[in-house]
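**Q** Would you mind keeping the following structure in view while I ask a few things?
The values are calculated or read from the model by the stated rules, or taken from the named source; none is laboratory data. Quick caveat: nothing in here was measured; it's all calculated off a predicted structure. Note that each Cβ is placed from the backbone with ideal geometry, even for glycine, and that neighbours are counted across all protein chains shown.
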Amino acid sequence: MAEAEEQETGSLEESTDESEEEESEEEPKLKYERLSNGVTEILQKDAASCMTVHDKFLALGTHYGKVYLLDVQGNITQKFDVSPVKINQISLDESGEHMGVCSEDGKVQVFGLYSGEEFHETFDCPIKIIAVHPHFVRSSCKQFVTGGKKLLLFERSWMNRWKSAVLHEGEGNIRSVKWRGHLIAWANNMGVKIFDIISKQRITNVPRDDISLRPDMYPCSLCWKDNVTLIIGWGTSVKVCSVKERHASEMRDLPSRYVEIVSQFETEFYISGLAPLCDQLVVLSYVKEISEKTEREYCARPRLDIIQPLSETCEEISSDALTVRGFQENECRDYHLEYSEGESLFYIVSPRDVVVAKERDQDDHIDWLLEKKKYEEALMAAEISQKNIKRHKILDIGLAYINHLVERGDYDIAARKCQKILGKNAALWEYEVYKFKEIGQLKAISPYLPRGDPVLKPLIYEMILHEFLESDYEGFATLIREWPGDLYNNSVIVQAVRDHLKKDSQNKTLLKTLAELYTYDKNYGNALEIYLTLRHKDVFQLIHKHNLFSSIKDKIVLLMDFDSEKAVDMLLDNEDKISIKKVVEELEDRPELQHVYLHKLFKRDHHKGQRYHEKQISLYAEYDRPNLLPFLRDSTHCPLEKALEICQQRNFVEETVYLLSRMGNSRSALKMIMEELHDVDKAIEFAKEQDDGELWEDLILYSIDKPPFITGLLNNIGTHVDPILLIHRIKEGMEIPNLRDSLVKILQDYNLQILLREGCKKILVADSLSLLKKMHRTQMKGVLVDEENICESCLSPILPSDAAKPFSVVVFHCRHMFHKECLPMPSMNSAAQFCNICSAKNRGPGSAILEMKK
Amino acid sequence: METIWIYQFRLIVIGDSTVGKSCLLHRFTQGRFPGLRSPACDPTVGVDFFSRLLEIEPGKRIKLQLWDTAGQERFRSITRSYYRNSVGGFLVFDITNRRSFEHVKDWLEEAKMYVQPFRIVFLLVGHKCDLASQRQVTREEAEKLSADCGMKYIETSAKDATNVEESFTILTRDIYELIKKGEICIQDGWEGVKSGFVPNTVHSSEEAVKPRKECFC
């Protein structure tokens, strides 16, 4: 017997592979693993008939009537020899301490796994179902249901005796049962019923849809999603039922709870098992297909689908066909789907195989991404869930990614990724560089090489530089510029560059790079030489940076020739290192450069170059006339005679005029303006500047026979000289252009002045009048005299204490009051009397005169 | 209380698919031939079992637990486990189906192999004897085979109930005799034969008896 069994399983093993996923781009939702260890051993000789999952262990029933307790890895922890024939169902309470078992030969056992047997009975028909109370561990909940043709509820009475009651019968064999909370759901040939253990009432009957299916071959799958949601899978129909509390007003004689079918739909295949997964459903389906060759129906691999139930249909989320051992032999009823609520583990139980489906974790996700060559995403996923991944390492994924990119020929991307993936791992970097070298792609990786923290071996950098030197001078130059000079052995590279220059001595790129190398090497002399021959602008920077002034003393002309502006700036900035004298000497042969230098010098400081100012006059005259006059104006050191001589020689009128006026020779200057420049405005301007009557006289004299000059004078001199002087001198009969206009203008100016003065007068009179009125009004105000007031003279109250007594008071406009008798008697000659106090105040020096005037 | 029995025998019914094993049992346990549309006409898958009391002598009742097995080859491996715990068996062939007769020896050998070390008593049953016109196996052939194998032979028909009752009685009596002779004895861990309840030892009797009674639908 054993032999035969072994042969059979042996042949099944061959055609078995783990699990096969559909060829699709979509990632599977679950991963599959075969339950092995003890299970493999059991299923070699026996066949699984049912299984129940507890959080901590599994209970597996077999066709040979054994019940095995297994850990989650499939190792056997306990074995119960229940019956010689098939175990139909195993039921565990929530605590996992009590087990109910029923078998094909009518045996029913309920016992504590640790406390021994409690119930044992053999019935006269196969018992397909058993369900113990979920809280069987409590003494008040010692209940279980079981049954063959009818559903029996067993209860332990206070005498420790078991008492049974028929819950339901008469509709064929009971084939499924699931107890959850206070609700027991079962299925017989006609439909699914739910019994409420609290109210002891049956609350629903959900009839079977497809009655053409044999109930023993296509049993009903029941699962409680939660305490009030039952999912029924039967044939190809799924119903989601919700147990609801009936509203008190509708109660009458009806049970307090009722059931509503919230979702109902058909599936493609026959349902072998159901399990909830969040708000989705996991459905194990039995698939029959028609063979193309024989045209006979055969059993295909079962499928595990995740579906999203909608109210009248469902949406497939994922679908996997599972290659379980011996699937060809199985019937719909041979498959069971059990699940562990806590961990989202789904057990696909078939006679010869138990497969665990798990929700895929991040590691699995990465596995899949790697398999699909989605390295970038894998890397990202690994980075995001760095802490959660156990099997994968970011670095490994990264290296695989680089390899993949290299294989694909995306060298540049691969090189770029190196930076991120290899990070600071110098050893890995070196390894990668060699790899790139092998495939001749050193150039690709060069921009991404670390240039410090970490630093690789100099050899690596030199290798890359050589590679570039062979083929790409520009790239070579870029690297030399970008890489810090201490990454590689300078002399080696210098030598290499020199070798190349032998072949191509005028290559600017190479020369420049060589100069840079020299600079790194602090061999500034050589560097400078190259820069100068190349006329490279970096030269100034170089000189400046490395303070190379001593070495450029004899190269000033070169520098100036190259870029006089910058050169001069540099020379002037570093005047302390290269004396002005030295520069001027150096430039003696190149007066134009000398001029540039001295001009700048002068602009910066009018005095520093004073010894050269004389020389500068001629330089300016020669090369830069526009700046000559400003120079003459600003310089206090240049000899005027010499300047005058030069300017006269060259006939520089303006400069000459300036020089003449500066030398005090205003008249010559004016004469020059008039004679040489014929510019009356300038002449007038000049005369104004000098403000010398004689000059005006000269100007008038000179202008008198030149009508345009007269016009100019008439128009402008009004404020400086009386135009009458000029007009008198105009010779009769002389034609002067625009004389009339000029005269009209002069007269208009006068007219305007008269108008202005008259206006002023009017304003003055009006002001006086209004002020006078204001004063008058003020003086007309009344004056209060009461007890508070005192005589300013005797300082006693102004009003007498005895009101009946006659008295006289004098009040002045200044508010001072006096008893009449306290004032001096008015003299005959002065009619008006003044307040003594106010008069005294005004009596300063000369006040007497004022008083007299009044 | 009347249903107390002295022994329980577990009997199996084997034979090729479609020879009428389930119908035979149906006739015996329920007294009728299943209609064409009833589920009993579907091929048996796996195992079903029925039970019935049989009075072999006045006052001596034997409880028969009858296992109907699937004849189809693909379910064999599962049904084998049922041989071991059976004390007797009906080896059924269809007299209108020659092949089913030719397979009798195979069935016998298989059963003997799996039942070891226990003993199993067989009765060869030529079924469907109402269809005499379509007969392909003669009574003589069958009798010869049964004699060769040390079995009795009987021809039955579930449809018109010919010899159904008799066949069960014959097998039951034979086993009972063997027990009396001591050639078959009750053993622990073997469910082929069980001794019946002694009324005194039945605790409170009610629970134990009640479900059994009700299984006779």
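**Q** Enumerate the pairs (first residue in the range B:113-128 and away from chain A (no Cβ under 14 Å); second residue anywhere and of a type in the set (Asp, Glu) and not in a loop (DSSP other than H, G, I, E, B)) with beta-carbon separation below 6 Å, excluding pairs fewer than 6 apart on the same chain, so at least 6 apart or on different chains.
**A** B:121/B:174; B:126/B:155; B:127/B:94; B:128/B:94
**Q** Give the range A:288-308 a look and list any residue that's in contact (Cβ under 8 Å) with a residue 12 or more places away in the chain, outside any strand (DSSP E or B) and farther than 19 Å from residue A:346 by Cα, or say none.
**A** If the condition is that a residue be in contact (Cβ under 8 Å) with a residue 12 or more places away in the chain, outside any strand (DSSP E or B) and farther than 19 Å from residue A:346 by Cα, then A:300 is the only one that fits.
**Q** Which of the residues that make up the range A:682-697 are more than 18 Å from residue A:731 (Cβ to Cβ) and surrounded by 13 or more Cβ atoms within 10 Å (Cβ to Cβ)?
**A** Filtering the range A:682-697 for residues more than 18 Å from residue A:731 (Cβ to Cβ) gives A:682-696.
Listed by number, the residues that qualify are A:682, A:683, A:684, A:685, A:686, A:687, A:688, A:690, A:692, A:695, A:696.
**Q** Inspect the range A:214-222 for any residue being among the small types (Gly, Ala, Ser), away from chain B (no Cβ under 14 Å) and under 23 Å from residue A:340 (Cβ atoms) and give the result as yes or no.
**A** For the range A:214-222, residues among the small types (Gly, Ala, Ser), away from chain B (no Cβ under 14 Å) and under 23 Å from residue A:340 (Cβ atoms): present.
**Q** In this structure, does residue A:109 turn out to be away from chain B (no Cβ under 14 Å) and either assigned to a strand (DSSP E or B) or modelled with pLDDT of 90 or more (or both)?
**A** Values: away from chain B (no Cβ under 14 Å): yes; either assigned to a strand (DSSP E or B) or modelled with pLDDT of 90 or more (or both): yes.
Criteria met by residue A:109.
**Q** What is the residue count in the range A:129-160 for residues that are in contact with a Cys (Cβ under 9 Å, 6 or more places away or on another chain), more than 11 Å from chain B (Cβ to nearest Cβ) and within 30 Å of residue B:52 (Cβ to Cβ)?
**A** 2
**Q** Further question on the same structure: Here are A:660, A:593, A:632: which of them is under 60 Å from the mean Cα position of the chain (by Cα) and either in contact (Cβ under 8 Å) with a residue 40 or more places away in the chain or in a helix (DSSP H, G or I) (or both)?
**A** Numbers: A:660 fails: under 60 Å from the mean Cα position of the chain (by Cα); A:632 fails: under 60 Å from the mean Cα position of the chain (by Cα).
Sole residue among the options that is under 60 Å from the mean Cα position of the chain (by Cα) and either in contact (Cβ under 8 Å) with a residue 40 or more places away in the chain or in a helix (DSSP H, G or I) (or both): A:593.
**Q** Here's a follow-up. If the requirement is being modelled with pLDDT of 90 or more, hydroxyl-bearing (Ser, Thr, Tyr) and over 19 Å from the mean Cα position of the chain (by Cα), which of these qualifies: B:169, B:156, B:138? I'd like the intermediate steps shown before the answer.
**A** Working: B:169 fails: over 19 Å from the mean Cα position of the chain (by Cα); B:156 fails: over 19 Å from the mean Cα position of the chain (by Cα).
Of B:169, B:156, B:138, the one residue that is modelled with pLDDT of 90 or more, hydroxyl-bearing (Ser, Thr, Tyr) and over 19 Å from the mean Cα position of the chain (by Cα) is B:138.
**Q** Looking only at the range A:43-64, count how many residues are within 14 Å of another protein chain (Cβ to nearest Cβ) and free of Cβ contacts under 8 Å to residues at least 40 places away in the same chain.
**A** Final tally of qualifying residues: 4.
**Q** For residue A:190, which of the numbered conditions (1) closer than 30 Å to residue B:196 by Cα; (2) within 14 Å of chain B (Cβ to nearest Cβ); (3) surrounded by fewer than 21 Cβ atoms within 10 Å (Cβ to Cβ) fails to hold?
**A** Status for residue A:190: all satisfied but (1).
**Q** Scan the range A:65-94 for residues that are in contact (Cβ under 8 Å) with a residue 60 or more places away in the chain, farther than 24 Å from residue B:69 by Cα and part of a strand (DSSP E or B) and jot them down.
**A** The one that is in contact (Cβ under 8 Å) with a residue 60 or more places away in the chain, farther than 24 Å from residue B:69 by Cα and part of a strand (DSSP E or B): A:91.
**Q** So which of A:608, A:615, A:642, A:581 is in a loop (DSSP other than H, G, I, E, B) and either farther than 30 Å from residue A:710 by Cα or touching a residue at least 12 places away in the same chain (Cβ under 8 Å) (or both)?
**A** A:608
**Q** Next up: Look at the range A:129-175 and say how many of its residues are buried (at least 22 other Cβ atoms within 10 Å of the Cβ) and among the small types (Gly, Ala, Ser).
**A** Of the residues in the range A:129-175, 3 are buried (at least 22 other Cβ atoms within 10 Å of the Cβ) and among the small types (Gly, Ala, Ser).
**Q** Let me ask something else. Quickly run through the range A:161-177 and pick out the residues that are more than 10 Å from chain B (Cβ to nearest Cβ) and among the hydrophobic types (A, V, I, L, M, F, W, C).
**A** A:165, A:167, A:174, A:177
**Q** Please enumerate the residues belonging to the range A:622-662 that are in contact with a Phe, Trp or Tyr (Cβ under 7 Å, 6 or more places away or on another chain) and hydrophobic (A, V, I, L, M, F, W, C).
**A** A:628, A:629, A:631, A:632
**Q** State whether one or more residues within the range B:73-88 are at pLDDT 85 or above and among the aromatic types (Phe, Trp, Tyr).
**A** Within the range B:73-88, the first condition is being at pLDDT 85 or above, and the residues that meet it are B:86-88.
Subset that is among the aromatic types (Phe, Trp, Tyr): none.
There is no residue in the range B:73-88 that is at pLDDT 85 or above and among the aromatic types (Phe, Trp, Tyr).
**Q** Among the residues of the range B:85-93, is any within 14 Å of chain A (Cβ to nearest Cβ), in contact with a Lys or Arg (Cβ under 8 Å, 6 or more places away or on another chain) and small (Gly, Ala, Ser)?
**A** Here is the first cut: in the range B:85-93, the residues within 14 Å of chain A (Cβ to nearest Cβ) are B:85-87.
Then keep just the ones that are in contact with a Lys or Arg (Cβ under 8 Å, 6 or more places away or on another chain); that gives B:85-87.
Add one more test, that the residue is small (Gly, Ala, Ser), and what stays is B:86.
Yes: the range B:85-93 contains one or more residues that are within 14 Å of chain A (Cβ to nearest Cβ), in contact with a Lys or Arg (Cβ under 8 Å, 6 or more places away or on another chain) and small (Gly, Ala, Ser).
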